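Just so you know, all these numbers are worked out from the coordinates, no wet-lab data involved. The structure presented is a predicted model; accordingly, all values stated were derived computationally and were not measured. Every residue, glycine as well, gets a Cβ built from its backbone with ideal geometry; the counts of neighbours run over all protein chains shown.
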Amino acid sequence: MAVETHGTGTLPQIKGVKDVPYDELFVSGHRTCQGCESALVMRHMVKASGPRTIVLGSTGCMYVANTTYYTTPWVVPWMHTQLGASGSAALGTAAGLKVLMRKGKIKEEKINVIAFCGDGGGADMGLGAISATLTHKDYNCLVLLYDNESYANTDIQLSSQTPYGAVTTFSPSGSKKRLMHTRWKKNVPGMLAAGHPESRYIAAGCAAYAVDLMNKIRKALQLGGPTFVHTLDPCPKGWDYHPQYSQELGHLAVECGIWPLYEVIDGVCNLTGPTRQIAEGRKKRKPVYEYLKRQGRFAHFAEEDVEHFQHEVDKMWTEWLIPGVIPFTVAAKDQTILKIDKKPLHEQKTA
Amino acid sequence: MAVQVKEREHQDVETEQLMSGCEAIAEAIRLADVDVMAAYPIRPYDGVMQAAAKLIANGKMDVEYIVADGEHSQFEIVKHACAVGSRVFVGSSGVGWFYAFEAIAVTAGLRLPVVAICGNRALDDPGAFGTEHNDSLAVRDLGWLLPWAETAQEAMDLALMAWRVGEDKRVSLPVAIGLDGAFLTHSQQIVKIPTQAAVNKFLPKFDLGDRLLHPDNPITIAPQVDQDWLMEIRMQNDQAMRKAHDVISEAHAHFKELFGRGGDSPFLDEYMTDDAEYVVFGQGTLALPMKVAIRRLRKEGHKVGLVRLKWFRPFPTQEIVKSLSRFKAVGVIDRDYSFGSPYYGGVLYNEVRSALYSLDKRPTIVGFIAGLGGREIEQPMATDIFEKTKAAAGDIKSGDTCHWIGVRS
Ligand SMILES: Cc1ncc(C[n+]2csc(CCOP(=O)(O)OP(=O)(O)O)c2C)c(N)n1
Ligand code: SF4
Ligand SMILES: [Mg+2]
């Protein structure tokens, strides 16, 4: 197959579907489930980055289901890394390339370094290493966290990214306990953006908004330094729905306000896609029930569980300092001095 | 901690300096033109990282020096830097070494020639940080080459050997040099620092060949081979480890020719064994008090000697068989333990006994556990070891015992 051979000195923003590169760098050979949205993330990721890319992948579905010996789907160079090591893999690879180029041991050129991890590998086990990497501003590398909201490869166990109340093999619904899992989802991109002021790009995306996602990957690589992109990926096996609805569920997660799309560029937060429209009041946030009722993992929900879920999502939009991004509110007595406008976003005056 | 690397003029002449084992390794890093190293604090190995940091800060070497967020990251960082073709260095001690264990295991599985030091240290609880070999020894089955140094000079020399042997395409395995905590990491000795020109002759450029991860060579590293191919691949690792034996011999001969050091055998260092009847066998710095004891006991007419092991992996079985079968009894001293192992002995004891098993005429091999947690091996203990070894001679079964030395009752 034809692979572009030019370097990736610049990665221009993609203007629309017709502008998307034709070349596929993640091809057949993988054996992910039908409707696997994470596999689509892989495809979009390397489409956006182009051929002068090295990909490191931590253990999980995107390793185990993707790289069977003799049938690798990766056209670009690819290497496995350990479950909690995506941050270190990115850093070590970027540092190696940098010093070898500086010493003239390999040709000087821009090579994109992307390390991906699942939610288990990135939000639980490897969070510390990702955090460390995001402070090493001299190295160019992107960590992509594909979030299918469970330890999927090991048979769907709950992670810190599994939504409240969802059934997993570690959190079944039983006669005594309807909900085994009652922790709210950890806010990874928000926490990383807040905690790593020198990272030039941190974003939340979704493959259901493919062009938006590809542009986020390109911006991350283009701006350079250590960057981070988190995608929410519907997973038919773990979420228990028919594979044909993956894209639809991705849309619903965003439209119900559960998964806000945004990017933080050089410390400036920028809402994107439908999330921006919701914030501007141009689009009404759908009730979370629309999303929950489509998935078997929430089939055991009682009315009060749906209400709790809705209440928490509402808080993200009405009480959080930055809706869906920064989770705390400011004490009433400090709101004036900090010039915090407590009106819902769409009622606020834009400057 | 006082690590002092004396500034020396950057002229390419061989010099002699008083330095610790850690500082000697830092000099080797400079001479080897290491590309990437990753550091994390834990005593005693981190003296190397402190010394190396000074060399970098003073412009004596150009290395990507990454202070990691933990040992797991530390070892993963250099593993990945190595995969894109960088010469790398890393290290740890005791519980830090164990924190990195996952990365340590896969580095060998991937055949990436990472060079590390393990500044040997007890595994903390119930509260001990002195030297003990169980940290290094925990990786003995995984495909790491494991040399042990006795002196600061040997530490530097072994480090240069480590890149040469580990990166050799016939081997392509990681190397972890054992350095006894405090006794070697932080004791100063006179060290000869070779010239850059001589080191360049000894150490070829690192070349991963067709295993290099680069867009011009778009390979997939560590695809899922599972039961279908894993045995073939493990067997290749085994063959690499076997080949390492001759590659070490070759490198040792070349090293001797260039630098005039290294002793007769790359694997064993024998002390007063020509006419010896009873010898002790061990590795690392315990050789020093044992040599003192040997000189003293020889004055009293005892025909005693020492055989020091320089490479634990690959285990030089033939050399050991040849050497130890000359004696009436051998006392194997372990600065480690292997609870519940055959005859409740140490790791080295059981390895040596296994190596000699098929000999028709074999010496009695008796085990000693000594110097754990950094306890000094004092002269009365050394005498005790030799007396017990001598007493075991002639009765092969009396070797089925392991004595704990210098322990309060
Ligand atoms: C250190 C370690 N612990 C546990 C495992 C077992 N394991 C393999 S894949 C996996 C799931 C990882 O989950 P996630 O990162 O979310 O990726 P997914 O499988 O969901 O794609 C686990 C737990 C492992 N490989 N390594
Ligand atoms: S279990 Fe989910 S993430 Fe894994 S391959 Fe299937 S759909 Fe994809
Ligand atoms: Mg997952």
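Computed over chain A with a Gaussian network model linking Cα atoms closer than 10 Å, the most mobile of A:Ile54, A:Ile265, A:Ile337 is A:Ile337. Take every Cα pair under 8 Å whose residues are at least 6 apart in sequence, average their separation, divide by the length of chain A, and the relative contact order is 15 percent. Running a GNM on chain B with Cα contacts under 10 Å, which residue among B:Trp229, B:Trp163, B:Trp144 ends up with the highest mean-square fluctuation? Largest GNM mean-square fluctuation: B:Trp229. Each Cα pair under 8 Å and six or more residues apart adds its sequence gap; the mean of these over the residue count of segment A:236-303 is a relative contact order of 35 percent. For chain A, give the share of DSSP beta bridges that are antiparallel, in percent and rounded to the nearest 5; count only bridges with both residues there. Counting only bridges with both partners in chain A, antiparallel ones make up about 30 percent.
3J(HN,Hα) along segment B:96-112, derived from phi through the Karplus expression 6.51 cos²θ - 1.76 cosθ + 1.60 where θ = phi - 60°, amounts to x, 4, 6, 5, 8, 4, 4, 5, 4, 5, 6, 4, 6, x, 7, 6, 9 Hz, with x in place of Gly and Pro. Between B:Ala253 and B:Glu387, the contour length at 0.36 nm per residue exceeds the Cα-Cα span by 44.6 nm. Give me, ordered by chain and number, the residues 5 or more places off A:Thr81 or on other chains with an amide H under 5 Å from its own placed amide H. The answer is A:Gly57, A:Ser58, A:Thr59. For segment B:268-404, lysine pairs with C-alpha atoms less than 18 angstrom apart, excluding pairs fewer than eight positions apart on the same chain, total 18.
With a cut-off of 12 Å between beta carbons, the residues surrounding B:Ala293 carry a summed charge of +1, where Lys and Arg count +1 and Asp and Glu -1. Backbone geometry of segment B:175-181 corresponds, through the Karplus equation with coefficients 6.51, -1.76 and 1.60 at θ = phi - 60°, to 3J(HN,Hα) couplings of 10, 10, 7, x, 10, 4, x Hz, x marking Gly and Pro. Does segment A:7-163 come out rounded, prolate or oblate, given a ≥ b ≥ c as the square roots of the eigenvalues of its C-alpha gyration tensor, rounded meaning a/c under 1.5 and, failing that, prolate meaning a/b above b/c? Oblate. In chain A, the calculated helix contribution to ellipticity at 222 nm averages -9000 deg cm²/dmol per residue, counting -39,500 (n - 2.57) for every DSSP H run with n ≥ 4. Computed 3J(HN,Hα) for segment A:237-246, one whole-Hz value per residue from the Karplus formula 6.51 cos²θ - 1.76 cosθ + 1.60 where θ = phi - 60°, is 6, x, 9, 6, 8, 6, x, 5, 9, 4, glycine and proline marked x. For A:Arg200, no residue whose modelled amide H falls within less than 5 Å of its own remains once neighbours fewer than 5 places apart on the same chain are excluded.
Rounded to 0.05, the FRET efficiency of the A:Asp138 and B:Val13 pair, given R0 = 22 Å and the Cβ-Cβ distance, is 0.05. Highest mobility in the GNM of chain A, judged by mean-square fluctuation with C-alpha springs under 10 Å and restricted to A:Lys315, A:Lys216, A:Lys176, is found for A:Lys176. Relative contact order, whole percent, for chain B stands at 15, derived from Cα pairs under 8 Å and 6 or more residues apart. With both residues required to sit in the protein assembly as shown, DSSP beta bridges show an antiparallel share near 30%.
Helix B:47-57 and the long axis of chain B differ in direction by around 30°, with both axes built from C-alpha atoms. Could you pull out the pairs from A:Lys107/B:Lys201; A:Lys15/A:Lys343; A:Lys283/A:Lys343; A:Lys219/A:Lys315 whose alpha carbons sit more than 26 Å apart here? Over 26 Å Cα-Cα: A:Lys15/A:Lys343; A:Lys219/A:Lys315. Rounded to the nearest 20, the size of the Cβ-charge dipole of chain B about its Cα centre is 1140 debye, with Lys and Arg at +1 and Asp and Glu at -1.
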